[in-house]
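Colleague: One structure follows; several queries about it will come next.
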Amino acid sequence: MNRIAQQFAEGKAADRSLFIAYLCAGDPTLEDSFRACESVLEAGTDLLELGVPFSDPLADGKTNQLAAQRALQNDIHQKDIFTLAKRVRGITEKPIIFYTYYNLVFANGVDNYVRQVKEAGVDGILVLDLPPEEADEVLEACERHDVKTVFIVAPTTPPERLAIIAEATTGFIYYVSQEGVTGVRKTLAEGIGDKVAEIKEHTELPVVVGFGISTPEQVKTVASVADGVVVGSALVNCIGSNLDNPQKAVSTLGAKAHELVGGLSL
Amino acid sequence: MNVPKGDVGGHMIADSVPQIDKTTLPDASGHFGVYGGRYVPETLFTCLQDLEKAYLEAKADPEFMRELQWYLKEYAGRPTTLYYAEQLTKRLGGAKIYLKREDLLHTGAHKINNVLGQALLARRLGKKRIIAETGAGQHGVATATVCAKFGLECVIYMGAVDMARQALNVFRMRLCGAEVRGVETGQRTLKDAVNEAMRDWVATSRNTHYILGSALGAHPFPMMVRDFHKIIGEETRRQIMELEGRLPNEVVACVGGGSNAIGMFYEFLDQTDVRLVGVEAGGRGIERGQHAARFSGGKVGVLQGCKTYLLCDDDGQIELTHSVSAGLDYAAVGPEHAYYREIGRLDFAYATDAEVMEAFQLLCECEGILPALESTHAVAYALKRAPEMRPDEILVINLSGRGDKDVQQIAEILAKKAQVEG
């Protein structure tokens, strides 16, 4: 069984949702970024989502845009991201996925990219601007190299598209609970449970929920209806607001992740 | 000036042009060959499908088309003239040069053709809020203007750098009641304004229509924007037949995203004896970060919704661009252009900032016409090309916009130049 399926199976057996942490790879440096990954894993993260910094992250809010910009300004390249992923793989058997944009996957050949993803010990990829309708080449490469696919369902996704998305997905489905870009929200969207149930009519695969989740209470609420809870900007903020003090950034991040993981058992 | 050579697809078209079947361009899923498509976050996918459906219905509705024609004539000022530039022709001593005067349209550029179409469509969709990106500000001004006319709420995203170099247009947009939001991310130019507009739309698509201003982005935008501008080429063809009794030998247009160019070229695509040339921004020369000539320094990639030619580094990160003209200062080109270039139907050249400045002054001197810096790229190409052609040949330049907005910037550039030289 692959690491993604394994982890969700373990969660299911223990009757708990997974805590999924998003961090931007290379933010603000490779070394800091490694420490950050280490810290959220130690805090109890079940699945690590590594954002691959892109120059034009049009699905991301300010927090993630700035994180990507910091990484790119520090001259981080694709090969560094693969190196970082390998290094993180060296300290954990938890699943890791890439959260990326299609031009980065396409630039040097889709098959080549997916092969390197596999070699880096990364288990799956989510390509933000790649709907299933345009994804044939990625789907084939992922199958060839045994990398799992993650696709998004949005509040605007009509029922008739759920089957198309489920068909293309081999890892898990990511329901973005808000219309809009990534980022912390004060309140959770309504009707998450219903939407998750609707998605589950089309797939046996796990369904996770993300976008806008930033407090233990929100984690608890979402965990009660989904197989996993994704937290991104709330964690990335810990790095962004402590740029002058990398040690403090990591300790703040660890504490925040710990607090949020605690939401699972509230 | 770079005149296209064989290795950049500049071969004379007559020997290799395949038949172009306009009914399948784009295909049902929005592709022009391998280009185009719909590379967007899931949140927008259905919205784009709905937009496509609504557009196709509107297009087939005689009442919608009649209303659009009425606004194009009475509000925008169509048809525009096809003007024989006699002095310029004499000065260059080659082909007879005609200017398609899109600069005479209301708001100063071709952009209003598309904005009127999409605003009527938004009204049909029941969307009361409009967003748009703008580079040079011409699309922003056209959008703000039409929103004022139709009573629609209007938000324009514009890079902070562009707001500074096109201050007059910012003022005009605000006069029309639009909110102009400065974009401070990335390079703070057109590409970043598109990112911000898309981020807005991801959150607001249920009540907001995004009037994309060029033949770019995800399907159905490239098709829709082309259709709303194809009147440029249709008029040109009719006018040149009336004036000269024959088709032109060559038609040239500047290409940023490529909306004025595709609008001009589309009518001539199956006339394989008419050479069609797009002119990109050569900036300070074809070196990384110094230009926006996607077909000279770029490769195939995916940006902001479509697969096309773009400028990116080895990792796929989008590169910085530069052009004296904000409207051409963009890293990707419309996907339909990429396709017609690939099959050998369109040729592409580029003009540098310096050549553009020269052409700008010449057109002012010879014809008393002040072209937009964007459109001046096509003029700069013509300065080089016309003398190579025979006096019995005809060259049409699409003068897509007027240069009032650029006057201050040009004055500064000329003053600086005088200082350096003096």
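Colleague: State, as an integer percentage, the relative contact order of chain B based on alpha-carbon contacts under 8 Å between residues 6 or more apart. Write down the numbers at each step before the final one.
Modeller: Working: 929 pairs, mean separation 95.2, N = 422.
The value is 23 percent.
Colleague: How are the Cα pair distances of the range A:160-266 distributed, in percent, across 10 Å bins from 0?
Modeller: 15, 40, 30, 12, 3
Colleague: Also, I was wondering about something else. As an exercise, find the ratio Rg/Rh for the protein assembly as shown from alpha-carbon atoms, using the Kirkwood inverse-distance average for Rh.
Modeller: Ratio value, two decimals: 1.00.
Colleague: With 15 Å as the cut-off, how large is the P(r) tail for the range B:114-183, expressed as percent of Cα-Cα pairs? Present the calculation step by step, with values, prior to reporting the outcome.
Modeller: Details: 1037 of 2415 pairs.
Tail of P(r) above 15 Å: 43 percent of Cα pairs.
Colleague: Further question: Gap in Å between the Cα centre of the range B:124-147 and the Cα centre of the range B:351-377?
Modeller: That distance is 27 Å.
Colleague: Residue B:348's amide H: which non-local residues (gap 5+, or another chain) put their own amide H closer than 5 Å, with H modeled 1.01 Å from N in plane and none for Pro or chain starts?
Modeller: B:278
Colleague: Starting from the Cα-Cα distance between residue B:160 and residue B:57, subtract it from 0.36 nm times their residue separation and give me the gain in nm to one decimal. Write down the numbers at each step before the final one.
Modeller: On the way: separation 103, 0.36 × 103 = 37.08 nm, distance 3.77 nm.
Full-extension gain reported as 33.3 nm.
Colleague: Zone of residue B:22 (label point 7 Å along Cα→Cβ, backbone N under 13 Å): which residues in the range B:215-229?
Modeller: Backbone N within reach: B:226-229.
Colleague: Here's a follow-up. Mind listing the phi-derived Karplus ³J(HN,Hα) values for the range B:102-111, rounded to whole Hz, using 6.51, -1.76 and 1.60 with θ = phi - 60°, and x for any glycine or proline?
Modeller: These are the phi-based 3J(HN,Hα) values: 5, 5, 7, 5, 3, 6, x, 6, 4, 3 Hz.
Colleague: Now a separate question. If you check each cysteine of chain B for another cysteine whose beta-carbon is under 4.7 Å away, which ones come up empty?
Modeller: Cysteines of chain B left without a disulfide-compatible partner: B:47, B:176, B:254, B:306, B:312, B:364, B:366.
Colleague: Step through the residues of the range B:189-206 one at a time and calculate ³J(HN,Hα) from phi using the Karplus curve (6.51 cos²θ - 1.76 cosθ + 1.60, θ = phi - 60°), rounding each to whole Hz and writing x for Gly and Pro.
Modeller: Each residue's phi maps through the Karplus curve to give 10, 4, 4, 6, 5, 5, 4, 5, 4, 5, 5, 4, 5, 4, 8, 10, 4, 5 Hz.
Colleague: In addition: For the range B:167-261, what's the radius of gyration and Dmax over Cα atoms, in angstrom?
Modeller: Reported Rg and Dmax, both Å: 17.6, 52.
Colleague: Still on this structure: Distance from the Cα centre of the range A:205-266 to that of the range A:72-98, in angstrom?
Modeller: So the two Cα centres are separated by 20 Å.
Colleague: Then there's this: Once the dipole of the protein assembly as shown is set up with Lys and Arg at +1 and Asp and Glu at -1 on Cβ about the Cα centre, which of A:260, A:169, B:154 lies farthest towards its positive end?
Modeller: B:154
Colleague: If all Cα-Cα distances of the range A:3-265 are sorted into 5 Å bins from 0 onward, what percent lands in each bin, rounded to whole numbers?
Modeller: All Cα pairs, binned at 5 Å, distribute as 1, 6, 14, 19, 21, 19, 12, 6, 1, 0 percent.
Colleague: Under a Cβ-Cβ cut-off of 9 Å, what is the net charge of the residues other than residue B:154 that fall near it, where Lys and Arg count +1 and Asp and Glu count -1?
Modeller: Numbers: positive: B:129; negative: B:153, B:179.
Cβ neighbours under 9 Å give a net charge of -1.
Colleague: If I take every Cα pair under 8 Å that is 6 or more residues apart in the range A:178-223, average their sequence separation and divide by the length, what percent do I get for the relative contact order? Spell out each step's value before the answer.
Modeller: Values: 26 pairs, mean separation 24.3, N = 46.
Worked out over the range A:178-223, it gives 53 percent.
Colleague: For chain B, what class follows from the C-alpha gyration tensor (a ≥ b ≥ c being the square roots of its eigenvalues): rounded when a/c is under 1.5, otherwise prolate if a/b is larger than b/c, else oblate? It would help to have the intermediate numbers written out before the result.
Modeller: Numbers: a/c = 1.33, a/b = 1.22, b/c = 1.09.
Note, shape of chain B comes out rounded.
Colleague: Follow-up. Tell me, what is the FRET efficiency for residue B:181 and residue B:270 to the nearest 0.05, using R0 = 51 angstrom and their Cβ-Cβ distance as r? Could the numbers behind the result be given before it?
Modeller: Values: r = 42 Å, r/R0 = 0.82.
FRET efficiency, residue B:181 to residue B:270: 0.75.
Colleague: Normalised by the residues of chain A, what does the relative contact order come to in percent, with Cα pairs under 8 Å and at least six apart? Could you put the intermediate results ahead of the total?
Modeller: On the way: 520 pairs, mean separation 61.1, N = 266.
Relative contact order here is 23 percent.
Colleague: Hey, can you grab everything whose amide H is under 5 Å from the amide H of residue B:285? Only 5+ residues off in sequence or another chain; H modelled, so Pro and N-termini drop out.
Modeller: Excluding prolines and chain starts, which carry no amide H, the hits are B:353.
Colleague: With a sphere of radius 15 Å drawn around the Cβ of residue A:193, what net charge do the other residues whose Cβ falls strictly inside it have (Lys, Arg +1; Asp, Glu -1)? Provide the component values of the computation, followed by the final result.
Modeller: On the way: positive: A:195, A:200, A:220; negative: A:190, A:194, A:198, A:201, A:227.
Result for the local shell: -2.
Colleague: Charges at C-beta only: +1 for Lys and Arg, -1 for Asp and Glu. How large is the resulting dipole of the range A:3-265 about its Cα centre, in Debye rounded to 20? Walk me through the numbers on the way to the answer.
Modeller: Details: 23 positive and 37 negative charges, 162 e Å.
So the magnitude is around 780 debye.
Colleague: Right, another one. Distance check, please: which entries in A:79/A:148; B:73/B:127; B:230/B:405; B:73/B:191 exceed 30 angstrom between their Cα atoms?
Modeller: Among A:79/A:148; B:73/B:127; B:230/B:405; B:73/B:191, the Cα-Cα distance tops 30 Å for B:73/B:191.
Colleague: Starting from the Cα of residue B:203, move 7 Å in the Cα-to-Cβ direction to define the label point; list residues of the range B:139-175 whose amide nitrogen is under 20 Å from there.
Modeller: B:153-160
Colleague: In nm, what is the difference between 0.36 nm times the number of residues separating residue A:31 and residue A:186 and their Cα-Cα distance?
Modeller: Values: separation 155, 0.36 × 155 = 55.80 nm, distance 3.19 nm.
Taking residue A:31 through residue A:186 to full extension adds about 52.6 nm, to one decimal.
Colleague: While we're looking at this one, here's another question. Report, in cubic angstrom per residue, the convex hull volume of the C-alpha atoms of the range B:253-324. Please report the intermediate quantities before stating the final value.
Modeller: Values: hull volume 7.6 nm³, N = 72.
With only Cα atoms used, the range B:253-324 gives 106 Å³ per residue.
No value in this document is a laboratory result; all are computed from the given coordinates. All of these numbers come straight from a predicted model, not from anything done at the bench. Here the Cβ is made from the backbone with ideal geometry for all residues, glycine too, and neighbour counts use every protein chain on show.
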